[in-house]
């Protein structure tokens, strides 16, 4: 969008007494290819284009989106939004936009995925399928996919911002099903990065495929754990999904401003033991959840959420920062032009601690080692969660014993935090997708191994 056109649209919004007007323009080219049982299940490539217009009155947000970039149509959207709150028209204001800014990129050595043929991606998927099946004849199904997207973003607002951003992401996914005597178990691996085709070129596909296959076989033969409260040692990497869901969302100003978080009015107060520090960082090079700029045009930052157990910051967007009374953290995000932005996580993780893995196990007579977490659910207003354990083991007399399946971890975020008593040194990050008010966005979760003194484990009696 040229600056003159953007200025006219923004001036139209200001003439309707809006305190803030914003245009978000997006063109996304995405492609995906998937195999199931050695056959191409889907091959897709498409372009999505649209514009979102946001008017803010105080902290009230009005939003509309369209695929039509005609100037008269866009100004008519502003009139429709303003009329919905009976905003009368004032004398037009003159707005001067700064020249287009180019955002710095946290992606390195990009190979444009749009220039890569589907056959090159299929070769990688066939390799993954073959590797998984070679592990055992009990592997009965392999589903594997490759996804990439390239987005060109333009953000213009009534404070004079005019900005362009290029966003490139790639992700690999494999689900491996093992079967024995009529029972099945599915294991998965889903790495992703803010990278182009170099992500797939350099990906250790065989390693991810073999890991998923071996886990599916191991858990297929596992017994079940007895459900009750017990100490749990949580594995690194995707174990961080529980902190993300049960504690991260309640630390977003979207929850704080609605008073639907257990962490309202807790800044500066202790909410965890001193061993725990939690961070949300949008600037990690190449990381799946990193952003060059947030969806309001604010530069990302490394935000310390919890420091040595003390709540230090919330994650904020423009409206959340204004209403809660904090600084913006570059956390405004949206799935696409179809959504108004709200505060969301980026790369959220528990920082590395000082405890060894063996020291976490010692002293546990009976407990659970949740090596890899699966999916789950959380009530964002209460922090209550229920997550499955994809790979788990009994801890008996301070040692890892037999594998168990069917375990779930059940609790409440603000009640579990103080029970984390030990944090390991082995920090790892893992890619995921997060759904909330502004749609589904790429995020990274992570943590080192850590010990929860007591949590309810669901299982079988």
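What is the angle, in °, between the Cα long axis of helix 118-133 and the longest principal axis of the Cα atoms in the chain? Nearest 10 is fine, range 0 to 90.
20
Measuring from label point to label point, each 7 Å out along Cα→Cβ, what is the residue 396 to residue 126 span in nm?
4.7
Give the relative contact order (percent, whole number) for the chain; include only Cα pairs under 8 Å separated by 6+ residues.
16
Relative to the longest principal Cα axis of the chain, at what angle does helix 205-220 sit, 0 to 90 degrees, rounded to 10?
For helix 205-220, the angle is close to 50 degrees.
Using only Cα atoms and rounding to the nearest 10 degrees, what angle (0 to 90) does helix 3-15 make with the longest principal axis of the chain?
80
What order do you get for 60-67, 302-309, 407-414 when each peptide is scored by the mean count of other beta carbon atoms within 10 Å, highest first? Walk me through the numbers before you get to the answer.
Numbers: 60-67: 16.0, 302-309: 18.6, 407-414: 21.5.
In decreasing order of mean packing, 60-67, 302-309, 407-414 become 407-414, 302-309, 60-67.
Which whole-number percentage describes the relative contact order of the stretch 3-220, with Cα contacts under 8 Å and a sequence gap of 6 or more?
23
If we sort 316-327, 426-437 on the protection proxy, mean other Cβ atoms within 10 Å, highest first, what's the order? List each step's numbers first, then the result.
On the way: 316-327: 20.2, 426-437: 18.6.
The peptides rank, most packed first, as 316-327, 426-437.
How high is the relative contact order of the stretch 378-461, in percent, counting Cα pairs under 8 Å that sit 6 or more residues apart?
28
The numbers here are math on the coordinates, done by the rules we state, and not lab data. All of these numbers come straight from a predicted model, not from anything done at the bench. Note that each Cβ is placed from the backbone with ideal geometry, even for glycine, and that neighbours are counted across all protein chains shown.
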